[in-house]
Amino acid sequence: MEKLLEVKDLEIAFDTHNGSVHAIRGVSFDLYQGETLAIVGESGSGKSVTTKALMGILAKNGKVINGQANYMGKDILKMSKKEIVNLRGKEMAMIFQDPMTSLNPTMTVGFQIKEAVIEHNQVTKKQAKARAIELLELVGIDSPRARYKQYPHQLSGGMRQRVVIAIALACNPKVLIADEPTTALDVTIQAQILELIKSLQKKINLAIIFITHDLGVVANIADRVAVMYAGKIAEYGTADEIFYTPVHPYTWGLLASVPDMSNTDVELYSIPGAPPNLLYPPKGDAFAERSEYAMNIDLEYQPPMYKVSDTHYAATWLLHEQAPETFMPKVLEKRIELMKKEAEEYAKA
């Protein structure tokens, strides 16, 4: 597979009245054509900030202080405003949580898609309209010619999100960033949107960065997973490696926190404490204060990214050759067995 994007040692800070918040602290990952990379973690871990930097839409008080983001060999972070505007939409597109914040309520959905088509393509209005109707059909909206003339408030939440996806695909981007695109939708519609994204990826060979805090979503859509915590990547690997053979205590905690709907008598696990204040980044491992497996070294030094396999990496001192042997909690072992069964049933369906 062709490597489309290579992010190296990305660091981002935000200036606030209280000082500089070090939101992203040395993030690195790759993205290949036709794959889905899921970025997961708690709110505030840095998932959305990372991708907003790639799209050139950081808040005014945010700044990239180090790193590279090479897209097809060119560093996005060093592009001019004109270059980033040309890249946005044409090469890389982004969809967000709430479609109503992405759509203009005073304009028909057809006009908004047509506008996106015209923005980066030398086409006539007639050609742009035909393309807009084609896109509405592509994203699974029934009666696309009739829907073309409707306003956002006349559509359901799921249909509005499909329109947003159509706008994102208007110029045939190579990379689609989906920032929690199903959070505002009910479970049934959520499943439909996920299936739509998967089918579109196969049809047009999209590379997708999927941001979510919902590990159930990740299990069914991701090829690779990056687990973020306090502005850093804690663990990185294939979906199977992250779900079935995780090695970082934070990943253990996230997976153990997934509710087991088949056994409601078991108390739901929760990770104790709260993430650190990134106005004052911790000297050692950011997760140490919340981890029952923390050692003295965790409080003093940040762990390096250890190689578990050719595709699996984790930043934890537990992987050091002199660390004591540690096993994942029993509650997680049971949860992993259940997830494997669920995955098998999903594959058969």
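Odds and ends about this structure:
- Pairs linking a residue in segment 119-130 that is open to solvent by 100 Å² or more (accessible area, probe 1.4 Å) to a residue that is not in a helix (DSSP H, G or I), with Cβ atoms under 8 Å and 6 or more positions apart or on different chains, are 119/170; 119/171.
- Yes/no for residue 186 being acidic (Asp, Glu) and under 23 Å from the mean Cα position of the chain (by Cα): yes
Let's see how each residue does on (1) touching a Leu at 6+ places or on another chain (Cβ under 8 Å); (2) among the basic types (Lys, Arg); (3) surrounded by 21 or more Cβ atoms within 10 Å (Cβ to Cβ):
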position	(1), (2), (3)
14	no, no, no
18	yes, no, no
27	yes, no, yes
40	yes, no, yes
45	no, no, yes
59	no, no, no
72	yes, no, no
76	yes, no, yes
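- Selected residue (only one of 344, 300 is of a type in the set (Asp, Glu), within 26 Å of the chain's Cα centre (by Cα) and surrounded by fewer than 17 Cβ atoms within 10 Å (Cβ to Cβ)): 344
- Residues that are open to solvent by less than 90 Å² (accessible area, probe 1.4 Å) and at pLDDT below 85, drawn from segment 314-339: 328, 329, 331, 332, 333, 335, 336, 338, 339
Every residue, every condition in (1) out of contact with any Gly (no Cβ under 8 Å at 6 or more places or on another chain); (2) in contact (Cβ under 8 Å) with a residue 24 or more places away in the chain; (3) part of a helix (DSSP H, G or I), yes or no:
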{"position": "117", "(1), (2), (3)": "yes, yes, yes"}
{"position": "146", "(1), (2), (3)": "yes, no, yes"}
{"position": "165", "(1), (2), (3)": "yes, yes, yes"}
{"position": "181", "(1), (2), (3)": "yes, yes, no"}
{"position": "184", "(1), (2), (3)": "no, yes, no"}
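- Single match in 52, 63, 90 (criterion: in contact with a helix residue (DSSP H, G or I) (Cβ under 7 Å, 6 or more places away or on another chain) and open to solvent by 10 Å² or more (accessible area, probe 1.4 Å)): 90
- Set 311, 264, 245: member being β-branched (Val, Ile, Thr), out of contact with any Leu (no Cβ under 8 Å at 6 or more places or on another chain), farther than 16 Å from residue 41 by Cα and at pLDDT 95 or above: 311
- Entirely in segment 202-273, the strands (runs of 3 or more DSSP E) that have 1 or more residues that are buried (at least 18 other Cβ atoms within 10 Å of the Cβ) and touching a His at 6+ places or on another chain (Cβ under 9 Å): 224-229, 232-238
- Out of 176, 138, sole residue that is open to solvent by 40 Å² or more (accessible area, probe 1.4 Å), hydrophobic (A, V, I, L, M, F, W, C) and under 25 Å from residue 35 (Cα atoms): 138
The values are calculated or read from the model by the stated rules, or taken from the named source; none is laboratory data. In this text the structure is predicted, and so the values were computed from the model without any measurement. Cβ sites come from the backbone with ideal geometry, for glycine too, and all protein chains shown count toward neighbours. For accessibility, only protein heavy atoms count, side chains too; no ligands or nucleic acids. Shrake-Rupley method; radii C 1.70, N 1.55, O 1.52, S 1.80 Å.
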